[in-house]
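Colleague: Right, I'll just put the structure down here and ask away after.
The values are calculated or read from the model by the stated rules, or taken from the named source; none is laboratory data. Because the structure is a prediction, the values reported are computed rather than measured. Every residue, glycine among them, receives a Cβ derived from its backbone with ideal geometry; neighbour counts consider all protein chains shown.
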C-alpha cells in the first residue's frame, strides 16, 4: 500500500513531496564552436515570498526513519529531491521526485510544485505529470540537471491540491484549504499540513472515512535536509551523470561489459531499450567507435551493479548527422538509464557480441563501419 507514502510526501498525491546502437564517430573540432549548450537554469521568481519558499524547498530531503507500506519490498526511508525547473505557461515551478533511499533510480512519485498567489494568500499547488510511466521515467535524476529538463507545458499537468502557505519568520507552514478526494487506505478524503525550516520539513496527513472519522494518519513524518544521496558528475562538453550505485571493482581496459539500457529523446519518447529484446548490449571497454562518445565517458569507473543516468548533449551523441534510422535529429540530446549486469575479464572466453535484433542503431556504434 502507498498509504504512508502519500501521507508523508505530497498533498493530493504526496504532500511535499539493429546493429547495436552505433556510436557516432568523433565529430570535427569546429562543431564544438557552433553548438550552444544550454545555460544553467536560473529560476525567475515572480516575487520575494515565492523566491524564499522556492529556495527553501530546493534540495535533498531524507526521512528520519523508514516509512511503512511503500511497496511490496517493505518499509524504507524516503528521499525527496526538489529543484526549480521551467514549465511553459507557468511561473515559480519546481520538480519533485520521491524514491526509496535503496531504489533511487526508480522513483515512485514525480510531481510539479507551483507557488502562486490568490486572494491575498500564497499557495503551494501540487500537480501530477500526465504521461505513461515509461515516458515519465525520462525525468528521473533531472533534479540534478534542470538545464536539460525536457519541455513540459501546463497542459501536461493535473492540479491535485492547494496548500495555503504562511511565513513563520524562520520558515513556512501550510495546510490544505479543505479535504480533497483520495482512495488511499479506505479513506474517501484526506487533508495535509506541513512546516518547513532551513533544515527540516515535517508533514502530517489524515485520511477520513465515509462518516468523517479519521481512518489513518495524524502522526508527523520528519524529513531532514541532506547532501544528495546520488553522485552527480558534470563533464566538459555539458554531459551530466547521476550515479545511484557502483558497488564493485571498476571496469578495466579489455573487459567486456554487458549493459542494459533505456534511451529517451527530449520529447520523452523511448527510441531504444535493451530489456524487451531479452539481452544486454555487449562491448569491449573502452568502447571506442562501438559506442557514442557519451557512452564511453559514462562507462568509466563502472562495475557490476552500477546504475547511472546519462544526459548526453548532441555533440557527444550523434552530432550534426543525427541518426535518421532511429529518429534522432542533428545534435539532439539523449537521455539514458544504464545498468551494468555483467563484466567478462579478458581471460574468459566471451560469447559472440549480442546485437539488437531490429537493427535500430540507437545507443552506440557508428553507422560507418
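Colleague: I'd like to know if the range 267-278 contains one or more residues that are part of a strand (DSSP E or B) and either surrounded by 20 or more Cβ atoms within 10 Å (Cβ to Cβ) or assigned by TED's automatic domain parsing to the domain that holds residue 137 (or both). Spell out how you get there, then give the answer.
Modeller: Quick first cut of the range 267-278, residues part of a strand (DSSP E or B) only: 270-273.
Still in the list and also either surrounded by 20 or more Cβ atoms within 10 Å (Cβ to Cβ) or assigned by TED's automatic domain parsing to the domain that holds residue 137 (or both): 271-272.
Looking through the range 267-278, at least one residue is part of a strand (DSSP E or B) and either surrounded by 20 or more Cβ atoms within 10 Å (Cβ to Cβ) or assigned by TED's automatic domain parsing to the domain that holds residue 137 (or both).
Colleague: Among the residues of the range 105-119, which ones are part of a loop (DSSP other than H, G, I, E, B) and within 9 Å of the chain's Cα centre (by Cα)?
Modeller: Answer for the range 105-119, where residues must be part of a loop (DSSP other than H, G, I, E, B) and within 9 Å of the chain's Cα centre (by Cα): 105, 106, 107.
Colleague: Turning to a different aspect of this structure: Which numbered condition trips up residue 256, out of (1) farther than 28 Å from residue 325 by Cα; (2) modelled with pLDDT of 95 or more?
Modeller: (1)
Colleague: Also, I was wondering about something else. In this structure, is residue 96 within 21 Å of residue 217 (Cβ to Cβ) and surrounded by 19 or more Cβ atoms within 10 Å (Cβ to Cβ)?
Modeller: Yes, satisfied.
Colleague: Would you be able to tell me the number of residues in the range 311-342 that are at positive phi and touching a strand residue (DSSP E or B) at 6+ places or on another chain (Cβ under 9 Å)?
Modeller: 2
Colleague: If only one of 263, 314, 298 is farther than 21 Å from residue 106 by Cβ, surrounded by 21 or more Cβ atoms within 10 Å (Cβ to Cβ) and modelled with pLDDT of 95 or more, which one is it?
Modeller: On inspection, the qualifying residue turns out to be 314.
Colleague: Which members of the range 291-306 meet the condition of being assigned to a loop (DSSP other than H, G, I, E, B) and touching a strand residue (DSSP E or B) at 6+ places or on another chain (Cβ under 8 Å)? Reasoning before the result, please.
Modeller: Here is the first cut: in the range 291-306, the residues assigned to a loop (DSSP other than H, G, I, E, B) are 291-292, 299-306.
Passing the criteria: 291, 292, 299, 302, 303, 304, 305, 306.
Colleague: Can you go through 186, 141, 171 and tell me which one is modelled with pLDDT of 95 or more and farther than 20 Å from residue 92 by Cβ? I'd like the intermediate steps shown before the answer.
Modeller: Details: 186 fails: modelled with pLDDT of 95 or more; 171 fails: farther than 20 Å from residue 92 by Cβ.
Sole residue among the options that is modelled with pLDDT of 95 or more and farther than 20 Å from residue 92 by Cβ: 141.
Colleague: Every residue in the range 71-87 that is part of a loop (DSSP other than H, G, I, E, B) and either surrounded by 17 or more Cβ atoms within 10 Å (Cβ to Cβ) or at pLDDT 95 or above (or both), please.
Modeller: Residues satisfying the conditions are 77, 85, 86, 87.
Colleague: Still on this structure, I have one more. Against the definition (surrounded by 24 or more Cβ atoms within 10 Å (Cβ to Cβ) and within 30 Å of residue 36 (Cβ to Cβ)), how does residue 308 come out, yes or no? Outline the logic, then answer.
Modeller: Working: surrounded by 24 or more Cβ atoms within 10 Å (Cβ to Cβ): yes; within 30 Å of residue 36 (Cβ to Cβ): yes.
The answer is yes for residue 308.
Colleague: Condition first: at pLDDT below 95 and outside the structural domain of residue 319 (by TED's automatic domain parsing). Now tell me which residues in the range 210-250 satisfy that.
Modeller: Answer for the range 210-250, where residues must be at pLDDT below 95 and outside the structural domain of residue 319 (by TED's automatic domain parsing): 210, 211, 212, 213, 214, 215, 216, 217, 218, 219, 220, 221.
Colleague: Residues that are buried (at least 17 other Cβ atoms within 10 Å of the Cβ), at least 1 per element: which strands (runs of 3 or more DSSP E) completely within the range 140-247 meet that? Working first, answer last.
Modeller: Values: elements: 157-167, 172-176, 189-196, 200-208, 214-217, 221-226, 231-234, 240-245.
Correct list: 157-167, 172-176, 189-196, 200-208, 214-217, 221-226, 240-245.
Colleague: Hey, can you tell me all the residues within the range 279-290 that are in contact with a strand residue (DSSP E or B) (Cβ under 6 Å, 6 or more places away or on another chain), part of a loop (DSSP other than H, G, I, E, B) and closer than 14 Å to residue 261 by Cβ?
Modeller: The one that is in contact with a strand residue (DSSP E or B) (Cβ under 6 Å, 6 or more places away or on another chain), part of a loop (DSSP other than H, G, I, E, B) and closer than 14 Å to residue 261 by Cβ: 280.
Colleague: Further, regarding this structure: Just one of 90, 122 is in a loop (DSSP other than H, G, I, E, B), in the same structural domain as residue 174 (by TED's automatic domain parsing) and over 26 Å from residue 239 (Cβ atoms); which is it?
Modeller: 90
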